[in-house]
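Colleague: Here's a structure for you.
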Amino acid sequence: MLRQSWFSVLVFFTLFLFSGCTNKPDDIQPFKPTPYLIEVPFPFPTSMNIPSDNPMTEEGVKLGRYLFYDGRLSGRTHPDSLMSCGTCHIQANSFEAGINHPVFQGGFVHGLSGEYLPHVMLPLVNLVWNFSGYGWNGFLFPDNTDQRFQNIEDFVRIGVTAENELMGDTNQVKNLFQGIKGYPELFGKAFGSEVVTFDHIEKAIAQFVRSLVSTDSRFDKYLRGELQLSPSELNGYVLFTTEDGADCFHCHGGSANPLFTTHLFYNNGKDTTYSDPFDRYSVTGLESDRGKYKAPTLRNIAMTAPYMHDGRYNSLDKVIDFYSSGVQLSPLIDPLMHHAVRGGVQLTMTEKADLKAFMLSLQDDDFLSNPNFSSPVSFPDEN
């Protein structure tokens with residue numbers, strides 16, 4: 001009896017081990033996405049706003065690019081209801097609608113419902129270095145508890161669901177892409193699961209947007225010693241970076257801040273009364289924030305008209321004229337507007353031309369035409 005019991009135990013463990021081996025597929029590979037590395041040239045910041053739960057990967061950026069440009073992101077497939085991020089964010093216009101958009105006249109954008117956005121767009125460039133929230137007022141989302149990361153992921157959700165944008169339903173969107181050939185496999189490679197979730201849609205598009213880095217303008221090449229700026233561009237640079245000149249650098253940076261924005265909020269003297277429900281005050285509730293808006297980057301500035309939060313200026317010349325002689329003094333104007341008491345910096349015609357020449361040197365043609373940032377030739381179900 002004892003020998004029979006030991007024999008039974010031996011048979012049991014043999015069968016257990018054998019069944020365990022046969023139930024483990026040999027072809028399952030561990031989930032190991034490829035890190036996406038952003039080259040940070042001198043003197044760009046090394047600190048980047050990349051959430052720990054959404055690291056940059058080659059697979060995530062690839063998926064995000066498809067989603068960014070896929071008109072079915074609205075959750076619909078009818079030709080009249082197709083709309084994507086790329087519908088409004090045009091690469092040639094530094095991922096802003098631009099004043100020359102074929103659909104949105106003058107750069108004023110509306111969604112599928114026909115309702116217009118309250119402000120003109122801001123460009124999607126170098127946002128991986130932005131830590132101060134997004135949009136003209138740095139809007140914070142109620143469910144966002146990490147104040148360091150008022151993130152692009154949040155804005156993807158708003159863009160898809162807002163009535164003045166894609167006017168979609170998150171469940172409808174994720175179910176649609178779950179059924180589109182090729183997409184589940186891409187989600188699996190990017191996030192380790194072929195189950196499409198809207199959280200992963202947000203994260204993939206956010207990764208692609210963070211990859212939109214512009215660091216190769218004429219001015220960048222000048223800083224790296226690769227070319228010499230023209231005398232007019234150099235004169236404009238001196239004006240840009242001096243308080244007795246055009247006094248631009250406090251809000252827009254310079255060689256020490258190559259982002260050409262502080263990503264902070266200023267009342268620049270456009271108005272003397274403030275009734276806009278979407279200024280910085282609408283976020284903070286501080287009286288001192290009335291009439292304040294984010295200082296946009298000046299990179300690729302020639303391509304991002306119309307200018308100011310409400311698109312009131314349709315040319316760069318008009319913006320320069322405003323800062324030269326159109327500034328309006330008010331109790332809430334930012335103290336960095338040093339020349340407000342005399343209406344502006346009072347530039348001569350030659351100085352205006354030189355300042356404009358310098359700002360045009362901030363245009364990065366490679367960024368505006370980089371095929372890695374453009375719409376895919378085909379989408380997953382077309383391959």
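The values are calculated or read from the model by the stated rules, or taken from the named source; none is laboratory data. Computed from a prediction, not measured in an experiment: that's the story for all the values here. As a convention, Cβ positions derive from the backbone with ideal geometry for all residues, glycine included, and neighbour counts pool all protein chains shown.
Colleague: Can you list residue pairs whose Cβ atoms sit under 6 Å apart, with the first residue in the range 226-240 being closer than 14 Å to Gly254 by Cα and the second being assigned to a loop (DSSP other than H, G, I, E, B)? Count only pairs 6 or more apart in sequence or on different chains.
Modeller: Matching pairs, first to second residue: Glu233/Ser361; Leu239/Gly245; Leu239/Ala246; Phe240/Ala246; Phe240/Cys248.
Colleague: Continuing with the same structure: Restricting attention to the range 59-82, report how many residues are farther than 19 Å from Ser378 by Cβ and either free of Cβ contacts under 8 Å to residues at least 60 places away in the same chain or assigned to a loop (DSSP other than H, G, I, E, B) (or both).
Modeller: Result for the range 59-82: 5.
Colleague: Then there's this: How about the range 265-280: which of its residues are among the small types (Gly, Ala, Ser) and surrounded by fewer than 20 Cβ atoms within 10 Å (Cβ to Cβ)?
Modeller: Ser275
Colleague: I'd like to check something: does the range 42-52 contain any residue that is touching a strand residue (DSSP E or B) at 6+ places or on another chain (Cβ under 9 Å) and under 20 Å from Val209 (Cα atoms)?
Modeller: No, because not a single residue in the range 42-52 is touching a strand residue (DSSP E or B) at 6+ places or on another chain (Cβ under 9 Å) and under 20 Å from Val209 (Cα atoms).
Colleague: Does the range 85-113 hold any residues that are polar (S, T, N, Q) and surrounded by fewer than 21 Cβ atoms within 10 Å (Cβ to Cβ), and which are they? Break it down stepwise before answering.
Modeller: First pass over the range 85-113, keeping only residues polar (S, T, N, Q): 87, 91, 93-94, 100, 105, 113.
Gln91, Asn100, Gln105, Ser113, listed by residue number.
Colleague: Determine whether the range 118-138 contains at least one residue that is outside any helix (DSSP H, G or I), within 20 Å of the chain's Cα centre (by Cα), touching a residue at least 24 places away in the same chain (Cβ under 8 Å) and farther than 30 Å from Ser217 by Cα.
Modeller: So far as the range 118-138 goes, yes, one or more of its residues are outside any helix (DSSP H, G or I), within 20 Å of the chain's Cα centre (by Cα), touching a residue at least 24 places away in the same chain (Cβ under 8 Å) and farther than 30 Å from Ser217 by Cα.
Colleague: Give me the helices (runs of 4 or more DSSP H) completely within the range 273-383, filtered to those with at least 2 residues that are in contact (Cβ under 8 Å) with a residue 12 or more places away in the chain and of a type in the set (Gly, Ala, Ser), ordered by residue number.
Modeller: 349-360
Colleague: Here are some conditions: (1) within 29 Å of Tyr307 (Cβ to Cβ); (2) modelled with pLDDT of 95 or more. Glu58 meets all but one. Which one does it not meet?
Modeller: Exception for Glu58: condition (1).
Colleague: So which residues in the range 201-225 are in contact (Cβ under 8 Å) with a residue 60 or more places away in the chain and within 30 Å of Gly179 (Cα to Cα), if there are any at all?
Modeller: Scanning the range 201-225 gives Ile201, Lys203, Ala204, Ile205, Ala206, Gln207, Phe208, Val209, Arg210, Ser211, Leu212.
Colleague: Of all residues in the range 212-260 being outside any helix (DSSP H, G or I), hydrophobic (A, V, I, L, M, F, W, C) and modelled with pLDDT of 95 or more, which is nearest to Phe95 (Cα to Cα)?
Modeller: At the first step, the residues of the range 212-260 found to be outside any helix (DSSP H, G or I) are 212-217, 224-230, 241-248, 253-260.
Checking which are hydrophobic (A, V, I, L, M, F, W, C) leaves us with 212-213, 227, 229, 246, 248, 256, 259-260.
With modelled with pLDDT of 95 or more added as a condition, the list becomes 212-213, 227, 229, 246, 248, 259-260.
Details: Leu212: 9, Val213: 11, Leu227: 27, Leu229: 26, Ala246: 27, Cys248: 23, Leu259: 16, Phe260: 17 Å.
Per the stated criteria, the residue is Leu212.
Colleague: Looking at (1) under 15 Å from Asp247 (Cβ atoms); (2) surrounded by 18 or more Cβ atoms within 10 Å (Cβ to Cβ), find the lone condition where Lys292 falls short.
Modeller: (1)
Colleague: Let me ask something else. Among what's in the range 217-264 and is closer than 22 Å to Val327 by Cβ and aliphatic (A, V, I, L, M), pick the residue that is surrounded by the most Cβ atoms within 10 Å (Cβ to Cβ).
Modeller: Ala246
Colleague: Related question: Kindly indicate whether any position in the range 34-55 is of a type in the set (Ser, Thr, Tyr), in contact with a helix residue (DSSP H, G or I) (Cβ under 6 Å, 6 or more places away or on another chain) and not assigned by TED's automatic domain parsing to the domain that holds Thr261.
Modeller: Let us first name the residues in the range 34-55 that are of a type in the set (Ser, Thr, Tyr), namely 34, 36, 46-47, 52.
Going one step further and asking which of them are in contact with a helix residue (DSSP H, G or I) (Cβ under 6 Å, 6 or more places away or on another chain), we end up with 34, 36.
With the extra rule that they be not assigned by TED's automatic domain parsing to the domain that holds Thr261, the set shrinks to 34, 36.
Checking the range 34-55: at least one residue is of a type in the set (Ser, Thr, Tyr), in contact with a helix residue (DSSP H, G or I) (Cβ under 6 Å, 6 or more places away or on another chain) and not assigned by TED's automatic domain parsing to the domain that holds Thr261.
Colleague: Scanning the range 68-86 for residues that are charged (D, E, K, R) and under 19 Å from Asn171 (Cβ atoms), which turns out farthest from the chain's Cα centre (by Cα)?
Modeller: For the range 68-86, the residue satisfying everything is Arg76.
Colleague: In the range 336-356, is there at least one residue being hydrophobic (A, V, I, L, M, F, W, C), under 22 Å from the mean Cα position of the chain (by Cα) and surrounded by fewer than 19 Cβ atoms within 10 Å (Cβ to Cβ)?
Modeller: no
Colleague: Does Leu332 count as out of contact with any His (no Cβ under 9 Å at 6 or more places or on another chain) and either under 14 Å from Lys270 (Cα atoms) or not assigned by TED's automatic domain parsing to the domain that holds Gly86 (or both)?
Modeller: yes
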